[in-house]
Amino acid sequence: MLSAFAKMFRMPWFLFAFVVAILMVTAVVWKGDPYTIALDNMLSPPSADYLLGTDELGRDLLTRLMSGATLSVYVGFCVLMLAGVIGTVVGVVSGWFGGWVDMLLMRVTDIFLSFPGVLIAICFAALTAPDVKNVIFALGLMGWVSFARLARVQTMAVKKQEYIQAARLSGVSGFVIVLFYVLPNIAAPLIVESVFTIAGAMLSEAGLSFLGIGVQPPEASLGAMLREGARYMLMAPHLVVVPGVTLMLLVFTLNLVGDKLRDKLDKANLQK
Amino acid sequence: MHWMQPKFYVNCSFVILLCKVAKFLKIIKVCVLALLAFFVKRLLWIFPTAFGVVTLTFFLVHIVPGDPVEVILGEHALPVDRKRLVESLGLHLPLLTQFKVFVQQLLVFDLGTSFYSGTPVMEMIAMRLPATAYLAGVAILFAMVMAVPLGVWAAVHQNKWQDRLALTFSMLAFAMPSFWLGPVLIIIFALYFQLLPVSGNEHWSSIILPAFTLGFAMSAMTARLLRTSLLESMASDYVKTARAKGLSFNRAVQRHAFKNALLPLVTVVFLQAGALLTGAILTEAVFSWPGLGSLIVEALGKRDYPTIQGCVLFIAFVYMLMTLLSDMVYALIDPRLRYGKEGV
C-alpha cells in the first residue's frame, strides 16, 4: 500500500488528475446546486446530507467547493492562454529581431517586472468591474513577462544553431522559420513555465477574490469562499479549512507536475 | 659593512612593505572604479524604468472605465456639484495635461490627496508604513530562522528521506496561500488555545501570527534556494580540497560551503523584502494589521483612486529600490558581476 502511494507520488500528473477526478466524480454523484439557499440549515457541520456541511446561507459546501475549484482551474487556463500567447510573441519577436526592437520590448518588460507580483493585477482588478473576465485580464497582464523573458533567451540561443542557418540559406522565409523551426525548439521550457503559470494564476485569483475584487458572490470561488468563511471562523472552522486545503492541493500537485516536467525536459535537452 | 647592519634591513623591508601597500591600493582602486562604474550604470537605468512605472500606473488608473465623480457624489448628484468637483480634481483637462501635472507633483513627492479624507496620500502612507515595515522585518527574521536550518538539513542529507521531507514541506508551504494559513493559525492559536491575539496591533505578541504567516512562503522559497546553492558549493573544488586536507564533512560544510552558499541568499532577501510589501496586503487584510496593506484594501473598498494609485506607485518604487540594492550588494560581494560578465 505504502509503495503504491510512493509510486503515485512520483507521477504527479496522475496525482493532479486524481484530485481533479475526485472533484468531478463527486460533482456528478453529488447533484447539488451551489446556489440553493437554505436558511434553516446555516453553518451546519458535515453530515450525511451535506458531506462537508453548509455555509452561512445554508448552501451546500461541497457543491460550492467543486464549482469554485472548476472556476479556479478555468481561470488558470485562460490566464495561461492570454499570458502565454502575448509573452511568447513578445519574446520571440524580441529575440529574433534583436537590435532596437529587442531593446524597446525588453524595457517594457522591465517596467512590468518592476511591479511586484500581483500588485498590478490588484490595481487593474480594483479599477474595473469585478468579474471573472477582468480577473483573467488582470492576471494575464501580469503573467506574460516571464514568458517573454524565457522565450527571448531561448530564441536567441536557437537562432545561432546551424539548422536555422541552413533553413535561411535554402531560402525559407523568416516567418516560416520562426513558426516551424524556432517555436518547436523553444517549446519545452515554455511548457514547464505554463504549468507554474496556471498554479500561480489560481493562487492569485483566489487572492483577488479574497480581497473582494475578484469573482463576486453568489458565484463560488475558492478565494471568495475563504473570505466569507473567515467571518465565521469561530462557529464553523470547516468553512475556512476546506476551500483552503482544496486550493493548496491543486496548486501543490500542479507545482509537482511542473517540477517533474522540468527534470524530464531538462534531461532531454542535456542529452541533445 | 654598513649594509649588514640590522637597521638597513629594517629600511629595506619597509620599502618592500610600501611597495606592497601601493600595489594593494592600486588593486583596490581598480576594484572601486569598476564598482562605481557598475553602480552609476545601474543607477542611470532606474530613470527610464521609473518613468515607465509612473506612466503605466497613471494610464492604468485613468483609462479604465469608471467615473470617479460618480463614485464620490453618487448617481443622483446635481450637475453643478459634478462640474465643481470635476474642475477641482482637474478631470476636465486633457489627459496629457493631467499626466504632466501628475508627474510634476511626483517630482516634489506629492501623491495627491485622498478623495475621502482629503489628507495627502503621502501623509497616509507615512503613517501606515512603520507598521508594515515592522511586520515585514519580523517576517524576514522568521523566514530566515526557519529556512536556514531547513535548507542546510536538506542539502546535507541530499536525496535521503530528510531531503525529500524538506522539499515536500517547502512545496506545500509554497502552495499555501497566506489568506488560508492566517485564518487557520487564528483558529488554532487565538480561538482554540487562546494564546495569541486574533488581530490588530495592541500587544507585543500581536506580531507573531501575521509575521509567521507572511514569512512562511518566503521561508519555503529560501530553503529551496539555500539547498541548491549549498549543494553547488559542496560539490566545488575548494570543499574537496578542504576534505582532502582532512577536515571533517561537517567542518568543511560549516567553514567553506555554507559561507559561499549564503551569497545568493542575500539578493533574495532584498528582492523578497520588496515582494513582501505586496504579500502584506493579503496578510494585513486577514489580521486587520494597521499597515500599508490595510490602507490599500480600505481604499479598494471605497474606490479611492488617488490612494490606490499612490500606494501602488509607492510599493513599486520600494520594490525597484530593493532590486537596485540587491544588485549592488551582489556586485559588492561577487566580483564577477561588476566586470560585466553578466551572462549565465
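With n ≥ 4 as the cut-off for DSSP H runs, can you work out [θ] at 222 nm for chain B, using -39500 (n - 2.57) per run divided by the number of residues, rounded to the nearest 500?
Working: 14 runs with 260 residues, N = 344.
Helix contribution divided over all residues of chain B: -25500 deg cm²/dmol.
Can you list the residues of region B:174-188 whose accessible area drops by at least 10 Å² going from the chain on its own to the full set of protein chains, with a 1.4 Å probe?
Listed by number, the residues meeting the 10 Å² cut-off are B:F174, B:A175, B:M176, B:P177, B:F179, B:W180, B:P183, B:V184, B:I186, B:I187.
Can you give the relative contact order of region B:94-338 as a percent, counting alpha carbon pairs under 8 Å and 6+ residues apart?
Numbers: 299 pairs, mean separation 63.3, N = 245.
Dividing the mean separation by the residue count of region B:94-338 yields 26 percent.
Note the full-extension length gain between B:K23 and B:K240 as 0.36 nm times their separation in residues minus their Cα-Cα distance, in nm to one decimal.
Numbers: separation 217, 0.36 × 217 = 78.12 nm, distance 3.17 nm.
Extending this stretch completely gives an extra 74.9 nm.
What ³J(HN,Hα) values, in whole Hz, does the Karplus curve 6.51 cos²θ - 1.76 cosθ + 1.60 give for region A:84-90 when θ = phi - 60°, with x put for Gly and Pro?
x, 5, 4, x, 5, 4, 4
With a 1.4 Å probe and all protein chains in place, put A:Y232, A:Y74 in order of accessible area, largest first. Provide the component values of the computation, followed by the final result.
Details: A:Y232 60, A:Y74 120 Å².
Sorted by accessible area, descending: A:Y74, A:Y232.
Where in region B:37-64 does accessible area fall by at least 30 Å² between the isolated chain and the complete protein assembly, at a 1.4 Å probe radius?
B:W45, B:T49, B:V53, B:L56, B:L60, B:V64
Taking only protein heavy atoms and a 1.4 Å probe, what accessible area per residue, in Å², does the protein assembly as shown have with all protein chains in place? If you can, show how the numbers build up before the last one.
Details: 31790 Å² over 616 residues.
So the protein assembly as shown comes to 52 Å² accessible per residue, rounded to a whole number.
For the interface of B with A, what's the total buried accessible surface in square angstrom, probe 1.4 angstrom, rounded to the nearest hundred?
Working: alone 20880 and 14700 Å², together 31790 Å².
Roughly 3800 Å² of accessible surface disappears when B and A pair.
What figure, in Å² to the nearest 10, do you get for the accessible area of B:R128 with a 1.4 Å probe and non-protein molecules left out?
Rounded to the nearest 10, that gives 40 Å².
Need one value for A:124-131: mean number of C-beta atoms belonging to other chains within 10 Å of its residues' C-beta atoms.
5
Residue by residue through region B:146-161, what is 3J(HN,Hα) from phi via Karplus (6.51 cos²θ - 1.76 cosθ + 1.60, θ = phi - 60°)? Round to whole Hz and write x for glycine and proline.
For region B:146-161, the Karplus-derived couplings read 7, 6, 4, x, 5, x, 5, 4, 5, 5, 5, 9, 3, 6, 9, 5 Hz, x marking Gly and Pro.
Which distance in Å, rounded to a whole number, links the C-alpha centroids of region B:126-150 and region A:75-100?
Centre-to-centre distance over Cα atoms comes out at 35 Å.
Which value in Å is the Kirkwood Rh of region A:50-95 over different Cα pairs? Intermediate values should be presented prior to the final figure.
Working: mean 1/r = 0.0770 Å⁻¹.
Hydrodynamic radius (Kirkwood, Cα only) of region A:50-95 equals 13.0 Å.
Provide the per-residue ³J(HN,Hα) series for region B:218-232, in order, calculated from phi with Karplus coefficients 6.51, -1.76, 1.60 and θ = phi - 60°, each as a whole number of Hz, with x at glycine and proline positions.
Coupling constants for region B:218-232: 5, 5, 4, 5, 5, 4, 4, 5, 4, 4, 4, 6, 5, 4, 4 Hz.
With springs connecting C-alpha atoms under 10 Å apart, model chain B as a Gaussian network and identify which of B:N201, B:N159, B:N260 has the largest mean-square fluctuation.
Looking only at B:N201, B:N159, B:N260, the largest GNM fluctuation is found for B:N159.
Give me the percent of Cα-Cα pairs in chain B that sit more than 38 Å apart, rounded to a whole number. Don't skip to the end; give the middle numbers.
Details: 22777 of 58996 pairs.
Summing the P(r) tail past 38 Å for chain B gives 39 percent.
What's the whole-number percent of alpha carbon pairs in region B:94-248 lying beyond 29 angstrom?
Values: 5576 of 11935 pairs.
Across region B:94-248, Cα pairs with separations above 29 Å total 47 percent.
Give the residues of region A:106-139 whose amide nitrogen is closer than 18 Å to a point set 7 Å from the Cα of B:V329 in the direction of its Cβ.
Answer for this model: A:116.
Ordering B:L44, B:L60 by how much accessible area each has at a 1.4 Å probe, largest first, what is the list? Could you put the intermediate results ahead of the total?
Numbers: B:L44 105, B:L60 25 Å².
Highest to lowest solvent-accessible surface, that is B:L44, B:L60.
Treating the beta-carbon of each Lys and Arg as +1 and of each Asp and Glu as -1, no other charges, what is the dipole magnitude of chain B about its Cα centre, to the nearest 20 debye? Could you put the intermediate results ahead of the total?
On the way: 27 positive and 17 negative charges, 473 e Å.
Computed about the Cα centre, the dipole is about 2260 debye.
Could you report the accessible area of A:K264 in Å², rounded to 10, computed with a 1.4 Å probe on the protein chains as they sit in the structure?
The accessible area of A:K264 comes to roughly 150 Å².
Note down the net charge around B:G52, summing +1 for each Lys or Arg and -1 for each Asp or Glu among other residues with Cβ under 11 Å from its Cβ.
Net local charge, B:G52 excluded: 0.
If amide hydrogens are placed 1.01 Å from N in the peptide plane, which non-local residues have theirs closer than 5 Å to the one on B:T113?
Under 5 Å from the amide H of B:T113: B:V121.
Please list, in chain and number order, the residues 5+ apart from A:L52 or on another chain whose amide H is under 5 Å from its amide H, with Hs placed from the backbone.
Excluding prolines and chain starts, which carry no amide H, the hits are A:S47, A:L61, A:L62.
As a test question: what accessible area, to the nearest 10 Å², does B:S88 have when a 1.4 Å probe is rolled over all protein chains in place?
90 Å²
Ignoring ligands, DNA and RNA, what percent of the 1.4 Å accessible area of region B:94-338 is carbon and sulfur? Display every interim value, and only then the final one.
Values: 7620 of 11250 Å².
Carbon and sulfur atoms account for 68 percent of the accessible area of region B:94-338.
What order do B:T323, A:T197 take when sorted by accessible area (1.4 Å probe), most exposed first? All intermediate terms of the calculation are to be shown ahead of the outcome.
On the way: B:T323 40, A:T197 20 Å².
Greatest to least solvent exposure: B:T323, A:T197.
Holding the Cα-Cα limit at 26 Å, pick out from A:K260/B:K240; A:K160/A:K264; B:K83/B:K302 the pairs that are longer than that. Intermediate results must be reported in sequence, preceding the final value.
Numbers: A:K260/B:K240 30 Å; A:K160/A:K264 24 Å; B:K83/B:K302 21 Å.
From A:K260/B:K240; A:K160/A:K264; B:K83/B:K302, over 26 Å: A:K260/B:K240.
Run through every distinct alpha carbon pair of the protein assembly as shown and return the Kirkwood hydrodynamic radius in angstroms, one decimal place. Write out the running numbers ahead of the final one.
On the way: mean 1/r = 0.0365 Å⁻¹.
Value: 27.4 Å, from the Cα pair sum.
Of the heavy-atom accessible surface of region A:58-271 (probe 1.4 angstrom), what whole percent is carbon and sulfur?
68 percent
The values are calculated or read from the model by the stated rules, or taken from the named source; none is laboratory data. Remember, it's a predicted structure, so these values are computed and weren't measured experimentally. With ideal geometry, Cβ positions are generated from the backbone for all residues, glycine too; neighbour counts draw on all protein chains shown. We work out accessible area using only protein heavy atoms, side chains counted, and drop any ligands, DNA or RNA first. Shrake-Rupley method; radii C 1.70, N 1.55, O 1.52, S 1.80 Å.
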